[in-house]
Amino acid sequence: MSMLASLVDRGGRPAAISPTVALRGGEKQYGWFPVDVAGVGRRLAVITDRRLILGNEEYQLRSIAALRPRPEEWRLVLDVRGLSEPVTVSGPWVPWLGVVICAELYSAAWPPGFAPMSMIPAPRRQEDRVLVRMRAL
């Protein structure tokens, strides 16, 4: 996930794979893997540049109003237009899935205003600054 996030942040795109589902004209598939869908159970997720398919359910990426990634919990909450409840998926590949969806929706690795804790540099301690200065001499 971090390598893909860095690639997307530098303007790159996810790589398409050989399709495992029927694609529409010009559509590209990025991946497929098992996920747990809250309230439903284990499903196969397929992500394309236009759709997120979770088992028999299909969501157009353009219908996703908001994403709330929780990479440290392997969880992604999707607010989908037309649904009264959010769609929550979890599993080890879900952080990667969140980066792919954000790359398609926002041309960024994360939704606007989101900064994952692992990507925020820790504040430097005074002792660290002194060591850096001493090494420079």
Original post:
Which one is farthest from residue 42 (Cα to Cα) among residues in segment 89-104 that are assigned to a helix (DSSP H, G or I) and open to solvent by less than 10 Å² (accessible area, probe 1.4 Å)?
Top reply: 103
**OP:** Specify the residue that is surrounded by the most Cβ atoms within 10 Å (Cβ to Cβ); the eligible residues are those in segment 62-88 that are touching a Phe, Trp or Tyr at 6+ places or on another chain (Cβ under 9 Å) and either aliphatic (A, V, I, L, M) or closer than 15 Å to residue 36 by Cβ (or both).
**Re:** 78
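When you scan segment 7-57 for strands (runs of 3 or more DSSP E) that lie fully inside it, which ones turn up with 3 or more residues that are farther than 15 Å from residue 98 by Cα?
Passing ranges, in order: 41-48.
Can you say whether residue 77 is in contact with a strand residue (DSSP E or B) (Cβ under 7 Å, 6 or more places away or on another chain) and β-branched (Val, Ile, Thr), as far as the supplied structure shows?
It is true that residue 77 is in contact with a strand residue (DSSP E or B) (Cβ under 7 Å, 6 or more places away or on another chain) and β-branched (Val, Ile, Thr).
The values are calculated or read from the model by the stated rules, or taken from the named source; none is laboratory data. Only a predicted model underlies this, so the values are computations on that prediction, with no experimental measurement involved. For neighbour counting, all protein chains shown are included, and Cβ atoms are generated from backbone atoms with ideal geometry for every residue, glycine included. The accessibility values were calculated without ligands, DNA or RNA, using every heavy atom of the protein model including side chains. Shrake-Rupley method; radii C 1.70, N 1.55, O 1.52, S 1.80 Å.
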